[in-house]
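Below is one structure, written out as structure tokens; the observations come after it.
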Amino acid sequence: MPIKDILTVLDLAGDQPAAKYALEFGRAHDAHVTGLAVSFEPVVPAFAAAPMPVDYLQAAHEQAIAAANEAKKDFDELARLAGVTNESRIAEILTGGPLENVLVHCRPTDMVVIGQANPDKPEPMRELLIETILFESGVPVLLVPYIGSKAFQPKNVLVGWDGSSTATRAIHAALPVLEKADKITLLVIEKKATTANGQPGADVANYLARHNMDVTIEVVTNPQAGIADTVLNHVSDNSNDLVVMGGYGHSRMREFLFGGATREILEAMTVPVLMAH
């Protein structure tokens with residue numbers, strides 16, 4: 001299916017790299033782009049020895065709404081300049097509380113675009129937002145580095161393939177993007193050489209080739225670095241402008257946690273990463 005509806009979660013500070021990517025991406029795919037600003041409402045600790053002053057709570061509420069409105073205003077101007085059909089919204093949530101008010105906006109869309117956590121400009125619950133949207137929204141998530149991206153229409157794409165259902169879903173979600181790419185590299189990382197007959201990844205490469213895609217398979221056996229470093233090193237050495245991969249994680253007491261390789265890539269990513277779970 002073509003990508004015709006995109007939602008981007010806005011940054012509350014900075015230059016809105018995710019929103020810029022979403023708008024340019026939307027223009028390339030003739031898609032409607034919605035900007036969602038999240039207002040993080042203050043939460044009163046249950047163990048507080050004394051009631052929180054009403055003035056403090058009101059001021060914190062107004063500050064949260066003002067930050068969301070400013071991000072919304074920035075998006076509206078970026079969208080106007082981009083000439084893309086658009087709208088903008090605000091979702092209010094309690095800091096540290098459930099994110100259902102965000103998820104209801106994410107589910108009826110083709111893709112969610114969100115920025116990587118910026119250590120220089122930290123925002124409340126950014127990592128939890130990313131994890132929850134990836135694991136609970138049911139739609140693919142495109143993460144944009146906080147340093148931004150020079151390429152808004154990926155031409156040299158790296159696809160991580162391990163035969164899993166999450167990698168399969170990521171490839172299917174990325175088909176409209178892959179069809180516009182000039183070069184696709186299917187990266188297969190094996191801890192040890194396989195004894196199975198045939199080229200690892202050949203079946204999925206043939207599948208993509210039937211969609212008229214130029215696909216090259218690269219197999220890395222017994223890598224000297226971990227999976228995340230192997231992927232990131234390939235991106236650096238081959239100037240890939242997008243990574244497509246499955247997003248791995250598990251649930252512990254209803255708290256979503258990224259798998260090790262997924263977290264490492266998201267912490268050190270230098271190009272956008274399209275994930276599905």
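Points to keep in mind about this one:
- Pairs of Cα atoms nearer than 8 Å and 6+ residues apart set the relative contact order; for segment 154-202 it is 50 percent.
- GNM flexibility winner over the chain from 81, 208, 103 (Cα, springs under 10 Å): 81
- Summing Lys and Arg as +1 and Asp and Glu as -1 over all other residues whose Cβ lies under 11 Å from the Cβ of residue 19 gives a net charge of -4.
- Here the Karplus curve 6.51 cos²θ - 1.76 cosθ + 1.60, taken at θ = phi - 60°, turns the phi angles of segment 89-103 into couplings of 9, 10, 10, 9, 9, 7, 4, x, x, x, 10, 4, 5, 8, 4 Hz, with x standing for Gly and Pro.
The numbers here are math on the coordinates, done by the rules we state, and not lab data. Here the structure is a predicted model, which means the values were calculated and not measured. As a convention, Cβ positions derive from the backbone with ideal geometry for all residues, glycine included, and neighbour counts pool all protein chains shown.
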